[in-house]
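Working notes for the structure below.
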Amino acid sequence: MSPLPAAPWTEVSADFGHLQNGKYLLVVTDEYSRNVVVDILDSISTTSVIPRLDKIFAEFGVPVSLKRDNGPPFNSSDFKDYASITGFKHRKITPLWPQANAETKRFMRTVKKSIKVALIKGRSWKQELFKFLLDYRTMPHCTTGVPPASVLFGQTIKNRLPHLITPIAGDPSIRKRDTQAKTTMKRHADRKTYVKPNDLRVGDTVIIKNDHTSKALTPYQPNLMTVTKKKGSMITATHEGNQTTRNATFFKKIPRPPTSPTHNPLDYSSFEDENYTHTTTPAKSKDTQAQHTPNLRRTGRARRPPKRLDC
């Protein structure tokens, strides 16, 4: 459960969505106010994304940090230099764990749904997208109870729908409702049967789940790995110098073998001395063994030759 940022537009998260017409959506979400900014792109290359971020930062300011996964274009050296020059920190989420950026991805599904409805009705999907964004920004959010635009700009933003103008809730109220909502979601998630406590420690031996499962692959990789770093639910394990970072649910702990054997074999040399005489029993002859060895038989059913063989 991540804490609420200190102020609006200090910590933002970004995500991309691909549309059927070949366009891309860049969604930037303010984690404090829940206000979103959506921009339409023809490409997600670094040269296309950086100018759009400059445009967004010119309107809302430069955030303290931007949260995004390690995919393109955020894993390029050009974007790293851009973040350093612009003055924000790039926060990387756990690979293959979209729950770390769940709010932005959930909003992306809603945006795509509104675009799909506009196309079915034969309307301009861009115009319907902007109408949807206006309604979203000016309606009270289900978590904070305050319109996202009102929290971000400090004033009530008028929309096309008639609604009651309510005063902006103070920071203590927003924090209280935010904590209650996240606690409720965490409680519901922990009720699932597969939720287990994270008992992994640095130095534990683990195996990692395969990224892509199929009938030809086992659920887990056979290589034994060693946990080298733990940060919350994010685990880093190493195998032959290669580091892998995943959520704790991707790992399975392997119990360590005992350091000393439980049952020590007897050392008969300690019983030997000068007065000890070792007697051996003579081996039985093969004829004797043959007499006592029962013959192996098949099933004891009665067999009779066919009548045509009788003569």
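Considering segment 190-285, the qualifying strands (runs of 3 or more DSSP E), each wholly inside and each with 3 or more residues that are at pLDDT 80 or above and of a type in the set (Lys, Arg), run over 225-231. Scan segment 174-188 and tell me whether some residue there is within 18 Å of the chain's Cα centre (by Cα), exposed (fewer than 11 other Cβ atoms within 10 Å of the Cβ) and not assigned by the TED database to the domain that holds His141. No - not one qualifying residue is present in segment 174-188.
The residues on offer are Val117, Val111, and the sole one that is assigned to a helix (DSSP H, G or I) and closer than 14 Å to Val28 by Cα is Val111. Considering only segment 91-129, state which residues are under 22 Å from Pro51 (Cβ atoms), at pLDDT 90 or above and touching a Ser or Thr at 6+ places or on another chain (Cβ under 9 Å). The answer is Leu129, and nothing else. Among the residues of this structure, Ser84 counts as one that is among the small types (Gly, Ala, Ser), more than 20 Å from Leu25 (Cα to Cα), assigned to a helix (DSSP H, G or I) and at pLDDT 90 or above.
State whether one or more residues within segment 47-61 are under 22 Å from Lys105 (Cβ atoms) and touching a His at 6+ places or on another chain (Cβ under 9 Å). Taking every residue of segment 47-61 in turn, none turns out to be under 22 Å from Lys105 (Cβ atoms) and touching a His at 6+ places or on another chain (Cβ under 9 Å). Within segment 189-236, the set of residues being farther than 18 Å from Ile254 by Cα, among the hydroxyl-bearing types (Ser, Thr, Tyr) and more than 17 Å from the chain's Cα centre (by Cα) comprises Thr193, Ser214.
Evaluating Ser13 against the criteria (1) crowded, with 16+ Cβ neighbours inside 10 Å; (2) over 25 Å from the mean Cα position of the chain (by Cα) leaves one unmet condition, (2).
The values are calculated or read from the model by the stated rules, or taken from the named source; none is laboratory data. Computed from a prediction, not measured in an experiment: that's the story for all the values here. Counting neighbours? That spans all protein chains shown, and the Cβs are built from the backbone with ideal geometry, glycine included.
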